[in-house]
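The values are calculated or read from the model by the stated rules, or taken from the named source; none is laboratory data. Please read all numbers here as calculations on a predicted model, not as lab measurements. All Cβ positions, glycine included, derive from the backbone under ideal geometry; neighbour counts span all protein chains shown.
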Amino acid sequence: MGHFARDCRFKRRTTQGNTTTFTNQEGDSEEEWDVEASYSMIEPTEEEEMAAASIVEEDKEMALAVANPEQVNYREDWIVDSGCSNHMTGDKEKLQNMSKYKGKKVVVTIDNTRLPIAHIGETLISPRFNAEQVPLEQVYHVPGVKKNLLSVAQLVDSGNWVLFGPKDVKVYKEIVVIGTPTMKGQRMESVYVMSAE
């Protein structure tokens, strides 16, 4: 099972974003797919920065979603990820008004691989089921990421509402909620938590 960074027995460091990205290797992958789909943003220590500079980037396929590959075009489609702390893509060509990333954050994958953020920019996505293009700002270019990821937290921070249903996900600028929720959680950093009492 995964755990929160605050409960980790390993060295603590400044963490931002999804802290539920770590899981053991013995788990049931079907139950853990959403955890494995997540990324975490951390600020590396000086030693890690120096070590990262000497690492040759490997071509790794990362678990991002459970889906039928015939239905998802991973080069063009965007995966809506509730655990991803920032919009990101590995395809530099998708970004406009791009600038070199000068921060210290890196993207941490489920297998604890640290991927540097190379650029930050804007993009337009054309949802297959919508006539309008949707602009996205503050999108990270992360070489090594094989999918295009939409961060639910970043969508919400931009004034949107994200509604997941049994067969789809929809993003609204305005929404009127009718009815009483059966469960309610709260946002903690970039993840939404249902606390058990």
(request) Would you mention how many residues in segment 49-72 are modelled with pLDDT of 50 or more and in a helix (DSSP H, G or I)? (result) 0
(message) For segment 112-157, give me each residue that is out of contact with any helix residue (DSSP H, G or I) (no Cβ under 6 Å at 6 or more places or on another chain), hydroxyl-bearing (Ser, Thr, Tyr) and surrounded by 14 or more Cβ atoms within 10 Å (Cβ to Cβ).
(response) Thr113, Tyr140, Ser151
(message) Of everything in segment 132-170, what is touching a Ser or Thr at 6+ places or on another chain (Cβ under 6 Å) and of a type in the set (A, V, I, L, M, F, W, C)? Give them in sequence order.
(response) Leu136, Val139, Val152, Ala153
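Residue by residue, here is whether (1) modelled with pLDDT under 95; (2) not β-branched (Val, Ile, Thr) holds:
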{"residue": "Gly103", "(1), (2)": "yes, yes"}
{"residue": "Val107", "(1), (2)": "yes, no"}
{"residue": "Asp111", "(1), (2)": "yes, yes"}
{"residue": "Ala118", "(1), (2)": "no, yes"}
{"residue": "Glu122", "(1), (2)": "no, yes"}
{"residue": "Gln138", "(1), (2)": "no, yes"}
{"residue": "His141", "(1), (2)": "no, yes"}
(request) Output the number of the condition that Arg75 fails; it satisfies all remaining conditions of (1) at pLDDT below 95; (2) within 25 Å of Val191 (Cβ to Cβ). (result) (2)
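Considering only segment 116-127, state which residues are under 17 Å from Tyr74 (Cβ atoms) and in a strand (DSSP E or B).
Start the filter on segment 116-127 by keeping residues that are under 17 Å from Tyr74 (Cβ atoms), which leaves 123, 125-127.
Within segment 116-127, Thr123, Ile125 qualify.
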(request) Would you check if there is a residue in segment 142-160 being under 27 Å from Ala196 (Cα atoms), hydroxyl-bearing (Ser, Thr, Tyr), in contact (Cβ under 8 Å) with a residue 24 or more places away in the chain and not in a strand (DSSP E or B)? (result) no
(message) Restricting to segment 164-196, give me the number of residues that are closer than 16 Å to Trp78 by Cα and part of a strand (DSSP E or B).
(response) 4
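Just give me the residues in segment 104-114 being closer than 25 Å to Pro135 by Cβ and either in contact with a Phe, Trp or Tyr (Cβ under 6 Å, 6 or more places away or on another chain) or in a strand (DSSP E or B) (or both), in sequence order. Lay out the reasoning, then the answer.
Filtering segment 104-114 down to residues closer than 25 Å to Pro135 by Cβ leaves 105, 107.
Within segment 104-114, Val107 is the sole residue that qualifies.
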(request) State the number of residues belonging to segment 100-111 that are surrounded by fewer than 15 Cβ atoms within 10 Å (Cβ to Cβ) and β-branched (Val, Ile, Thr). (result) 0
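Can you say whether Val139 is under 16 Å from the mean Cα position of the chain (by Cα), part of a loop (DSSP other than H, G, I, E, B) and touching a residue at least 40 places away in the same chain (Cβ under 8 Å), as far as the supplied structure shows?
On the way: under 16 Å from the mean Cα position of the chain (by Cα): yes; part of a loop (DSSP other than H, G, I, E, B): no; touching a residue at least 40 places away in the same chain (Cβ under 8 Å): yes.
Considered against the rule, which asks whether it is under 16 Å from the mean Cα position of the chain (by Cα), part of a loop (DSSP other than H, G, I, E, B) and touching a residue at least 40 places away in the same chain (Cβ under 8 Å), Val139 comes out as no.
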